[in-house]
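Here is the structure we will look at.
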Amino acid sequence: MSFLGLSVIEIICLSVVAVLLFLFLLLLCLGELLLSLSLKRDSFIGKIVSKETRRTYSNYKIDLKWWKDYKLEEVCVTSYDGKKLYPMILPAKEKTDKVAIIIHGYNAKYQEMNKYAELFYNLGYNVVLTQNRAHGKSEGRFIGMGWLDRLDMLEVIDMCVKKFGDGCKIDIFGLSMGAATVCMLSGEKLPPNVKHLISDCAYASVYEQFKYVYETYTKLPAGGLTSLLNIYAKIRCGYSIKNADARTKLPSCKVPILFIHGEKDTFVPYSNLKKLYDTTPENLRHSYTFSNAGHAESLPYNEEKYTQIVKEFLKDDYSELN
């Protein structure tokens with residue numbers, strides 16, 4: 001028996017090959033879609049987050065006009081993999097060797113960090129505001145989710161030491177993805193200039209965070225989607241989102257770290273704080289929670305208390321913490 005000169009076995013083999021090819025192309029398309037949704041510059045999820053942030057600027061006390069009274073200096077830093085990054089420097093009111101590095105969140109702009117810049121500026125710091133890879137003017141097609149950014153921050157730290165002197169004292173603050181960056185950076189070999197780390201509403205695992213987002217905002221099989229995203233991240237972005245886990249780095253932390261989180265955070269669940277805190281050396285870990293604050297809302301919720309907590313931590317007075 002044959003069809004078009006082909007035997008039944010040949011027809012079956014060709015059909016199987018056609019199905020496999022179709023499935024392969026489908027996975028390719030789905031993988032590219034997931035990258036566009038999640039990890040590409042100006043990703044779809046990122047645009048949604050940015051749109052919601054802009055809609056509720058007042059909730060976060062974001063005031064872009066705050067910057068008009070200050071002159072910032074743009075510097076160029078080359079990342080470990082050759083990308084040009086452009087941190088912005090707000091010089092202190094008076095000459096000092098104190099430096100605060102402020103790391104923004106997912107698809108955010110450094111200008112949206114005005115309240116955190118103001119906090120450190122009023123404490124007498126030179127303020128360095130990052131533009132993470134694939135954000136703002138900085139180069140890069142794919143977002144690092146903190147994992148690649150942790151290595152970029154080593155170059156930013158090195159720039160600060162060169163600019164502000166070998167004896168400069170550096171404190172590092174991060175919000176959301178920036179907070180995850182701080183946690184992932186904590187286990188790297190940091191120079192003695194780095195004195196304190198502050199992580200506000202960080203996720204522990206990139207994989208778990210995307211899985212949670214997919215589960216929360218789609219009705220699709222989140223485990224399968226996240227696993228496929230992981231494969232494509234390894235191929236296209238140069239890192240595994242499964243390996244991008246702050247809990248693998250925090251046990252090697254060598255400086256005091258303060259974890260801040262809002263208990264009503266539904267974007268990066270409050271449960272992440274315990275995951276991070278529990279893997280950090282006991283003598284270095286500190287935490288403070290804001291009971292009625294949502295994601296990235298701890299400072300806006302109670303700016304006075306937030307400022308007090310940060311000030312106490314930075315002067316190594318932990319009486320108000322834990």
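The values are calculated or read from the model by the stated rules, or taken from the named source; none is laboratory data. Everything numeric in this text was worked out from a predicted model, so none of it was measured. Don't worry about glycine lacking a Cβ; one is built from the backbone with ideal geometry, like all the others, and counts go over all protein chains shown.
Just wondering, is there one or more residues in the range 204-212 that are out of contact with any strand residue (DSSP E or B) (no Cβ under 9 Å at 6 or more places or on another chain) and among the aliphatic types (A, V, I, L, M)? Looking through the range 204-212, none of the residues is out of contact with any strand residue (DSSP E or B) (no Cβ under 9 Å at 6 or more places or on another chain) and among the aliphatic types (A, V, I, L, M). Restricted to the range 230-245, and to residues there that are modelled with pLDDT of 95 or more and out of contact with any Lys or Arg (no Cβ under 8 Å at 6 or more places or on another chain), the residue that is farthest from HIS286 (Cα to Cα) is TYR239.
Scanning the range 118-136 for residues that are among the charged types (D, E, K, R) and either more than 14 Å from CYS76 (Cβ to Cβ) or in contact (Cβ under 8 Å) with a residue 60 or more places away in the chain (or both) turns up just one, GLU118.
For every residue, the table says whether it meets (1) exposed (fewer than 15 other Cβ atoms within 10 Å of the Cβ); (2) of a type in the set (Val, Ile, Thr); (3) in contact with a Lys or Arg (Cβ under 8 Å, 6 or more places away or on another chain).
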{"site": "ARG247", "(1), (2), (3)": "no, no, yes"}
{"site": "PRO251", "(1), (2), (3)": "yes, no, no"}
{"site": "PRO269", "(1), (2), (3)": "no, no, no"}
{"site": "GLU282", "(1), (2), (3)": "yes, no, no"}
{"site": "HIS295", "(1), (2), (3)": "no, no, no"}
{"site": "GLU304", "(1), (2), (3)": "yes, no, no"}
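Mind listing whichever residues of the range 227-238 are touching a strand residue (DSSP E or B) at 6+ places or on another chain (Cβ under 9 Å) and either crowded, with 17+ Cβ neighbours inside 10 Å or assigned to a loop (DSSP other than H, G, I, E, B) (or both)? Passing the criteria: ALA233, CYS237, GLY238. Cβ separations smaller than 9 Å between residues 6+ apart or across chains give the following pairs from the range 39-64 residues that are farther than 23 Å from LEU148 by Cα to residues that are acidic (Asp, Glu) and in a helix (DSSP H, G or I): THR53/GLU112; ARG54/GLU112; TYR57/GLU112; TYR60/GLU112; LYS61/GLU303; ILE62/GLU112; LEU64/GLU112.
Only one of (1) surrounded by 14 or more Cβ atoms within 10 Å (Cβ to Cβ); (2) touching a helix residue (DSSP H, G or I) at 6+ places or on another chain (Cβ under 6 Å); (3) not basic (Lys, Arg) fails for LEU64. Which number is that? Here LEU64 meets the rest and fails (1). In the range 309-318, is there at least one residue being under 21 Å from PHE120 (Cα atoms), at pLDDT 95 or above and in contact with a helix residue (DSSP H, G or I) (Cβ under 7 Å, 6 or more places away or on another chain)? Yes, some residue in the range 309-318 is under 21 Å from PHE120 (Cα atoms), at pLDDT 95 or above and in contact with a helix residue (DSSP H, G or I) (Cβ under 7 Å, 6 or more places away or on another chain). Can you confirm whether LYS275 is assigned to a helix (DSSP H, G or I), surrounded by 14 or more Cβ atoms within 10 Å (Cβ to Cβ), modelled with pLDDT of 95 or more and under 20 Å from the mean Cα position of the chain (by Cα)? So LYS275 passes the test. Among residues belonging to the range 175-205 that are touching a Cys at 6+ places or on another chain (Cβ under 7 Å) and part of a loop (DSSP other than H, G, I, E, B), point out the one that is surrounded by the most Cβ atoms within 10 Å (Cβ to Cβ). The qualifying residue surrounded by the most Cβ atoms within 10 Å (Cβ to Cβ) is ALA202.
The set of residues in the range 306-322 being surrounded by fewer than 20 Cβ atoms within 10 Å (Cβ to Cβ) and among the hydroxyl-bearing types (Ser, Thr, Tyr) consists of THR307, TYR318, SER319.
Of the residues making up the range 239-272, just one is in a loop (DSSP other than H, G, I, E, B), small (Gly, Ala, Ser) and in contact with a strand residue (DSSP E or B) (Cβ under 9 Å, 6 or more places away or on another chain), namely ALA244.
Checked against (1) in a helix (DSSP H, G or I); (2) at positive phi, GLN308 passes all but condition (2).
Here the range 289-318 is the region considered, the condition is being under 23 Å from GLU208 (Cβ atoms) and hydroxyl-bearing (Ser, Thr, Tyr), and the residue that is nearest to the chain's Cα centre (by Cα) is SER298.
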